[in-house]
Amino acid sequence: MDAKKEIWVFAEQENGKLHSVVLELLTKGRDLAEKSGYTLCAVLPAADGAPLQQELFNHGAKKIYALTDPKFTEYQNDYFSKAVSDLILAESPSIVLYGATIIGRSLAPTVAVMVYGGLTADCTELDFDTEAELLLQTRPAFGGNIMATIICPDHRPQMATVRHNVFKKEPVSDSESGEVVEAAVDISDVPERMKKLETIEEMIETVDLNAADYIVSGGRGIGKPENFEIIRGLAEALDAAVGASRATVDAGWISHHHQVGQTGKTVCPLVYVACGISGAIQHLAGMQTADLVIAINKDADAPIFDVADFGLVGDLHEIVPEFAKQLNAIRGK
């Protein structure tokens, strides 16, 4: 059977709210749908997904496949993978996109096996080849040293997981409409092999970089772990979160909760200040969609300046404290 000209976005939700990566994928999906002429759809497994449907329509979905079952109250891989794979086999979409979240990284490969399809993981860019009708899936490869664009010419659906915060989320309006398809899936014979016993919240010292509007990050160029106090000083002046490069995390200078980059968190703040960070491709993959990037580095040829909106070449140990001092004076701190 030929693949249906549809782009599906898996509508991950928790505690009655859509994950923000879903809205980012729908926003990007609108561009892909416009290029391809395909229909943008959302797949929503939920015990009661009706309250979420309007938000999906508002961000561009033209059709929602509603999978309703009490077992979809919380994520359980066996239930969700059976439902999604059965729906794919029944409807034959051309493209299926998932967020590269804990749930997406569990669900997508399981579904790929069940539908005998391919999967590109942790994409940082998507495009569409209109002539070949192929999804162009770009991700870091070979330890982040190159960006590889991967295609799936022979099998459908073309599937990818996409990192959080690599695309903007922009609603079309607050009054969009579309079609709701009540999809019939039977998960009654799926054995309950896993059961959630409890949820343990992250420790208080962890930082939610994904939600931060301002981030000040330190790299190997700060010199030693004690110098993260300089970074924290500027972060306090900006009411910002503290980020870090992989090199400083691997060296044990700061907790991995602060790591930004390909193997850390992908962030999209209003302002990102990179202090003593050279700008390796692994780090750039995690922060280059920030609205404004300020780089401070003594090496004028550092790659970070290629993506920076403002660059200061000099000693960060002098520049950063002065930056914080002037901000505090302006803000009356």
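The values are calculated or read from the model by the stated rules, or taken from the named source; none is laboratory data. Nothing here was measured: the structure is a model prediction, and the numbers come from that model. For neighbour counting, all protein chains shown are included, and Cβ atoms are generated from backbone atoms with ideal geometry for every residue, glycine included.
Descriptive notes on the structure:
- Within the range 1-48, the set of residues being crowded, with 24+ Cβ neighbours inside 10 Å and assigned to a strand (DSSP E or B) comprises ILE7, TRP8, VAL9, PHE10, LEU40, CYS41, ALA42, VAL43, LEU44, PRO45.
- When GLY233, GLY221 are checked against the criterion of being in contact with a strand residue (DSSP E or B) (Cβ under 7 Å, 6 or more places away or on another chain), of a type in the set (Gly, Ala, Ser) and outside any loop (DSSP other than H, G, I, E, B), GLY221 stands alone in meeting it.
- Here SER175 clears all of (1) among the polar types (S, T, N, Q); (2) touching a helix residue (DSSP H, G or I) at 6+ places or on another chain (Cβ under 7 Å); (3) not in a helix (DSSP H, G or I) except the condition numbered (2).
- Lone qualifier among ILE187, ILE215 - being surrounded by 15 or more Cβ atoms within 10 Å (Cβ to Cβ), among the hydrophobic types (A, V, I, L, M, F, W, C) and in a strand (DSSP E or B): ILE215
- For the range 58-79, residues that are assigned to a helix (DSSP H, G or I), among the hydrophobic types (A, V, I, L, M, F, W, C) and farther than 17 Å from GLY16 by Cβ total 0.
- Restricting attention to the range 111-133 and to residues that are surrounded by 16 or more Cβ atoms within 10 Å (Cβ to Cβ) and among the β-branched types (Val, Ile, Thr), the residue that is modelled with the lowest pLDDT turns out to be THR124.
- Residues of the range 265-293 that turn out to be assigned to a loop (DSSP other than H, G, I, E, B) and either surrounded by 23 or more Cβ atoms within 10 Å (Cβ to Cβ) or among the aliphatic types (A, V, I, L, M) (or both), as a count: 10
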